[in-house]
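To start, the structure under review is shown below, and the notes come after it.
The values are calculated or read from the model by the stated rules, or taken from the named source; none is laboratory data. Owing to the predicted nature of the structure, the values given are computational and were not obtained by experimental measurement. Reconstructed Cβ throughout: ideal geometry from the backbone, glycine too, with neighbour counts over all protein chains shown. Ligands, DNA and RNA are excluded from the accessible area calculation, which covers all protein heavy atoms including side chains. Shrake-Rupley method; radii C 1.70, N 1.55, O 1.52, S 1.80 Å.
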Amino acid sequence: MKRLAFINARLIDPASKLDATGGLLVEDGLIRDFGARLFRDGKPGDAEVIDCGGHVLSPGLIDMRVSTGEPGSEHRETLESASHAAAAGGVTTIVVMPNTDPVIDEPSLVDFIGRRAAATAKVRVVPMAALTKQLAGEVMTEIGLLKEAGAVAFTDVDRTIANARVMRRCLAYAHTFGALVVGHAEDPELSAGTAMNEGEFAMRLGIPAAPSMAETIIVERDIRLVELTGARYHFAQISCRASLDAIADAKGRGLPITCGVSAHHLSLNELDVGAYFTFRKVKPPLRSESDRAAMVEGVASGDIDVIVSSHDPQAADTKRQPFAQAAFGVVGLETLLPAALTIYHSGRASLSHVLETMTAAPARILGLEGGSLAKGSPADLMLFDPDEPFLVDPTELHSRARNTPFEDRRFQGRVLKTFVGGICVYSQEIPR
Amino acid sequence: MRSAALDEGPILQTSHLLGTEALSVDEIIGLLDLAEHYVTLNRSAEKKSALLRGRTLINLFYEASTRTQSSFELAGKRLGADVLNMAVKTSSVSKGETLIDTATTLNAMRPDILVVRHQASGAAELLSRKLNCCVVNAGDGSHEHPTQALLDALTIRRHLRSFEGLVVAICGDVAHSRVARSNIHLLSKMGARVRLIAPRTLLPADADRFGVEIFHDMREGLKGVDIVMMLRLQLERMSGAFVPSAREYFHFYGLDAEKLKNAKPGALVMHPGPMNRGVEIDSAVADDIEVSVIQEQVEMGVAIRMAVLDALSRGLAAGGRNAR
């Protein structure tokens, strides 16, 4: 029986509101016991001892929005390389998107992801499946069979289903199986051919731009469709105040709606596009400063449930282009934690609250075990120093792609060790 | 069995049969009792009666049909009527004639009874207001198919004697089904408890307003039922618009022996036909003579239609409604 004893840790468990110094015992990959009193006598028995040095030991992060290039464009990222990046970022579960080649719209492909992940990935990989075949927004997928195969939710990733009738039927059908639908809110016509947020800065740059209302229109439509169908619905990432207000109102009316925000929408605004910096071209686009501030408020208030990395590795060929032609997307697995911690460091929310958006909240929404410190739960853990300052150096990233929007950004909070099922999958080489 | 129905007295309060929603319990019992008489007649060597001699029956079918059209034809002929089958495909309808024009043209030929099937809900109702003859609804859009519900009721009554307290599960494409609506009305009136089992995309909004129980999980819905009534899923509805695929539909909503185990032992399996084997029903269940009464339903169909024609003819004046 393999035993692992964490001593001298600051245990934070957002699910149970625990924040105390103590120890934690792992046995056979599961959390056996934990608490302030554990190992107070300093006798963990025959277990391997890890002295946490007073750093934070919390559930590993669950990143609800990760794209890899596997299958189909492995040069961008594989499940394996993404898992290395995840482990380095304290992320113990990645939820992978179905916009691969082929699209994950078929039970056997869900099975494929599971097998490849088991064979190659260091962290847990759970797939979402497409909501419509080929992500074409026309024909619903086999939601029942895909769910049985292991798909945790259904999404067309960064495409909005334009046809409200199709969307209604998808929601109604998904609700039949209690399946979660994850939506991207961006009116396809209003945003067609655009590359950034509509406003003064886009006007000065001469970049085709979409108004933030392109998002809110769909948020409001989909809220009404949820009202009509009763389906569980999660907005993958919102980016503006009006969307947040609409969702907060819908939640107030008791609708089964949740939402997420990406780490970059919390920490960057449209001005960061600067001199046509394509690594800051994302979907939805970076918004105004007031919208960014609204996202921070939304996380602090709890109206935004989840923070995601929206990890989307792009090779140089797709990013080294004029801004309007360049691909969307940024890598984010390794900067998710420090970017999210800016909310804690600026005093807007407690450390536990920020961690909840990346642990207990996604676990609850997706129905995953884990995301909390609980006896019998898998020992998916992250040991980190929330205060350690560092400069983002793209060459140090573990991801196969380097398109981080945070080059040279000063952050605080570094992961020291990451454990999946009690096995150490990442350890910072030399603690600085 | 009371044979009051066999008296020459009236059974139906109206001169048309447009749906089961408007039928009273007495009318339904009257028709079922009368149909029993025709079951016996149909099983004898001499199947003919002269009841409708001199009467004209027109079958006007805008949608393809094997069972319903041929059983109305047989019913009319066995009762001695002249039966005309309008072949819609080769008629003026294919030249763009409207429903009303076609029907008034036929009406001018002085038929006594017009049996109509049309893809539009309310078509039979419309004709009943415009024509002099008796109109029998043989299926209008997603609205009603009263003779199907009556023949289902006759089949059930012959096996289980009474409707009181029976639990009947209607499974499948309720949203588009006239058979489902007619059965819901009839069975509820007769004291049975109806359950609907379907994915949400195949249930009409506010289906619970029928006073039925709704289930989305077939195994749950089948628990303890006396009758499992399967509905046909149209091919065009299983390619993504309502249901993603036939295989997914069969996996979750197809009736197979394993799912049927949830029903009461000895539960009857019914299907209005034509069946999609391997989509809504497994062949092993459909062909199992211990549980499937699907062939019997067809037999009862002829008897019920004879009863309906008989009942309607009782209201006809000697010269017919067209005598004026």
**Request:** Answer with one residue from B:THR105, B:SER177, B:SER91: the one whose Cα lies farthest towards the positive end of the charge dipole of chain B, charges on Cβ with Lys, Arg +1 and Asp, Glu -1.
**Result:** B:THR105
**Fill in**
Hits in the stretch B:279-310: amide N under 14 Å from the 7 Å Cα→Cβ extension of B:LEU51, namely B:301-310
**Request:** Would you look at the GNM of chain B, springs on alpha carbons closer than 10 Å, and say which of B:SER245, B:SER92, B:SER313 moves the most?
**Result:** B:SER92
**Amide proton proximity set for A:GLY35, modelled H, under 5 Å, gap of 5+** = A:GLY23
**Item:** Rounded if a/c under 1.5, otherwise prolate or oblate - the stretch A:60-366, Cα gyration tensor axes
**Value:** rounded
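For the stretch B:1-75, rounded, prolate or oblate, judged on the Cα gyration tensor with a ≥ b ≥ c (square roots of eigenvalues), a/c < 1.5 rounded, else prolate if a/b > b/c? Before the final figure, lay out the partial values.
Details: a/c = 1.66, a/b = 1.11, b/c = 1.49.
Oblate.
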**Prompt:** How far apart, in nm, are the 7 Å Cα→Cβ label points at A:ASP46 and B:ASP82?
**Reply:** 10.2
**Message:** Please report the spacing between the Cα centers of the stretch B:104-149 and the stretch A:146-169 in Å, no decimals.
**Reply:** 42
**Request:** Kindly sort B:ASP208, B:ASP173 by accessible area of their heavy atoms, largest first, with the probe set to 1.4 Å.
**Result:** B:ASP208, B:ASP173
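For chain B, what is the convex hull (Cα atoms) projected area averaged across all directions, in square nanometres?
Details: hull surface 65.1 nm².
Mean projected area of the Cα convex hull: 16.3 nm².
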**Item:** Dipole of the protein assembly as shown, positive direction: furthest Cα of A:ALA379, B:ALA138, B:GLY211, with charges on the beta-carbon
**Value:** B:ALA138
**Request:** With a point put 7 Å past each Cα toward its Cβ, work out how far B:GLU164 is from A:SER108 in nm, to one decimal.
**Result:** 5.7
**Asked** So for chain A: antiparallel DSSP bridges make up what percent, rounded to the nearest 5?
**Response** 50
**Helix A:164-176 axis, angle to chain A major axis (alpha carbon atoms, nearest 10°)** = 30
**Request:** For B:LEU166, enumerate residues with amide H under 5 Å from its amide H, sequence gap 5+ or separate chain, H modeled in the peptide plane.
**Result:** B:ARG193
**Prompt:** Counting DSSP beta bridges with both partners in the protein assembly as shown, what percentage is antiparallel, nearest 5?
**Reply:** 35
**Message:** As a test of the definition: which semi-axes, in Å, follow for the protein assembly as shown when you take the square root of five times each eigenvalue of its alpha carbon gyration tensor? Largest first, please.
**Reply:** 66, 29, 20
**Message:** Heavy atoms of the protein only, probe of 1.4 Å, neighbouring chains included. What is the accessible area of B:TYR62 in Å², nearest 10?
**Reply:** 40
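Report, to one decimal in Å, the Kirkwood hydrodynamic radius for the stretch A:212-298 based on all distinct Cα pairs. Don't skip to the end; give the middle numbers.
Numbers: mean 1/r = 0.0746 Å⁻¹.
Hydrodynamic radius (Kirkwood, Cα only) of the stretch A:212-298 equals 13.4 Å.
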**Message:** Could you give each residue of the stretch B:160-173 its phi-based ³J(HN,Hα) in whole Hz, using Karplus coefficients 6.51, -1.76, 1.60 with θ = phi - 60°, and x for Gly or Pro?
**Reply:** 10, 6, 9, 9, 4, x, 5, 10, 10, 9, 9, 10, x, 7
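How shielded is A:132-138 by partner chains, expressed as the average number of their Cβ atoms within 10 Å of its Cβ atoms? Each step should come with its number before you reach the end.
Numbers: counts 2, 3, 0, 0, 0, 0, 2.
Mean number of neighbouring Cβ atoms from other chains: 1.
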**Item:** Separation in nanometres of the label points that stand 7 Å from Cα toward Cβ, at B:ARG209 and A:THR21
**Value:** 6.6
**Request:** Keeping the other protein chains in place, figure out the carbon and sulfur percent of the accessible area of chain A, with a 1.4 Å probe.
**Result:** 49
**Request:** Could you pull out every residue, at least 5 positions away or on a different chain, whose amide H is within less than 5 Å of the one on B:SER142? Hs are placed 1.01 Å off N in the peptide plane, and Pro or chain starts have none.
**Result:** B:SER121
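Just the number, please: buried accessible area between B and A, total of both chains, 1.4 angstrom probe, nearest 100 square angstrom.
1500
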**Fill in**
Residue by residue through the stretch B:38-44, the couplings from Karplus 6.51 cos²θ - 1.76 cosθ + 1.60 with θ = phi - 60°, in Hz, x for Gly and Pro, are 6, 4, 4, 4, 5, 8, 8
**Complete:** Probe 1.4 Å, heavy atoms of protein chains only: per residue, the accessible area of the stretch A:60-366 in Å² is 32
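Looking at the stretch A:1-145, what % of its DSSP beta bridges pair antiparallel, to the nearest 5? Before the final figure, lay out each step's value.
Working: 15 of 29 bridges.
DSSP beta bridges in the stretch A:1-145 are roughly 50 percent antiparallel.
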**24 Å Cα-Cα threshold exceeded, pairs from A:LYS133/A:LYS319; A:LYS122/A:LYS417; A:LYS147/A:LYS375; B:LYS77/B:LYS130; A:LYS122/A:LYS319; A:LYS133/A:LYS283** = A:LYS133/A:LYS319; A:LYS147/A:LYS375; B:LYS77/B:LYS130; A:LYS122/A:LYS319
**Prompt:** If you place +1 on the Cβ of every Lys and Arg, -1 on the Cβ of every Asp and Glu, and leave all else neutral, what size is the dipole of chain A about its Cα centre, to the nearest 20 Debye?
**Reply:** 400
**Fill in**
For chain A, longest principal axis from Cα atoms; helix A:289-301 axis from its Cα atoms; angle between them, nearest 10 degrees, is 50
**Request:** Any chance you could look up the accessible area of A:ILE7 with a 1.4 Å probe, heavy atoms only, rounded to 10 Å²?
**Result:** 50
**Asked** If you line up the long axis of helix A:241-252 against the longest principal axis of chain A, both from Cα atoms, how many degrees apart are they, to the nearest 10?
**Response** 70
**Request:** Report, as an integer, the average count of C-beta atoms from other chains found within 10 Å of each Cβ along A:169-178.
**Result:** 5
**Prompt:** Most mobile of A:MET64, A:MET203, A:MET167 per a Gaussian network model of chain A (Cα springs, under 10 Å)?
**Reply:** A:MET203
**Request:** Just subtract the alpha-carbon distance of B:ASP288 and B:ILE100 from 0.36 nm times their residue separation and send over the number in nm, one decimal.
**Result:** 63.2 nm
**Message:** Could you work out [θ]222 nm for chain B from helices alone, using -39500 (n - 2.57) per DSSP H run of at least four and dividing by all its residues? Round to the nearest 500 deg cm²/dmol.
**Reply:** -10500 deg cm²/dmol
**Request:** Report the relative contact order of chain B, percent, no decimals, based on alpha-carbon pairs under 8 angstrom and at least 6 residues apart.
**Result:** 20
**Asked** Could the peptides A:313-319, B:235-241 be put in order, highest first, of the mean number of other beta-carbon atoms found within 10 Å of their residues?
**Response** A:313-319, B:235-241
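Compare A:GLU227, A:GLU200 by solvent-accessible area with a 1.4 Å probe and give them largest first, with all protein chains kept in place.
Details: A:GLU227 85, A:GLU200 110 Å².
The residues order as A:GLU200, A:GLU227, largest area first.
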**Request:** Compute the separation of the alpha-carbon centres of the stretch A:300-348 and the stretch A:73-135 and state it in Å as a whole number.
**Result:** 18
**Asked** What FRET efficiency would be calculated for the residue pair A:GLU227, A:THR395, taking the C-beta separation as r and a Förster radius of 41 Å, to the nearest 0.05?
**Response** 0.25
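With every protein chain present, what is the per residue accessible area of the stretch B:10-148 (1.4 Å probe, Å²)? Write down the numbers at each step before the final one.
Values: 6110 Å² over 139 residues.
Averaged over the residues of the stretch B:10-148, the accessible area is 44 Å².
With +1 on the Cβ of every Lys and Arg and -1 on the Cβ of every Asp and Glu, and nothing else charged, how large is the dipole of the protein assembly as shown about its Cα centre, in debye rounded to the nearest 20? Working shown, then result.
Working: 82 positive and 93 negative charges, 379 e Å.
Magnitude of the dipole: close to 1820 debye.
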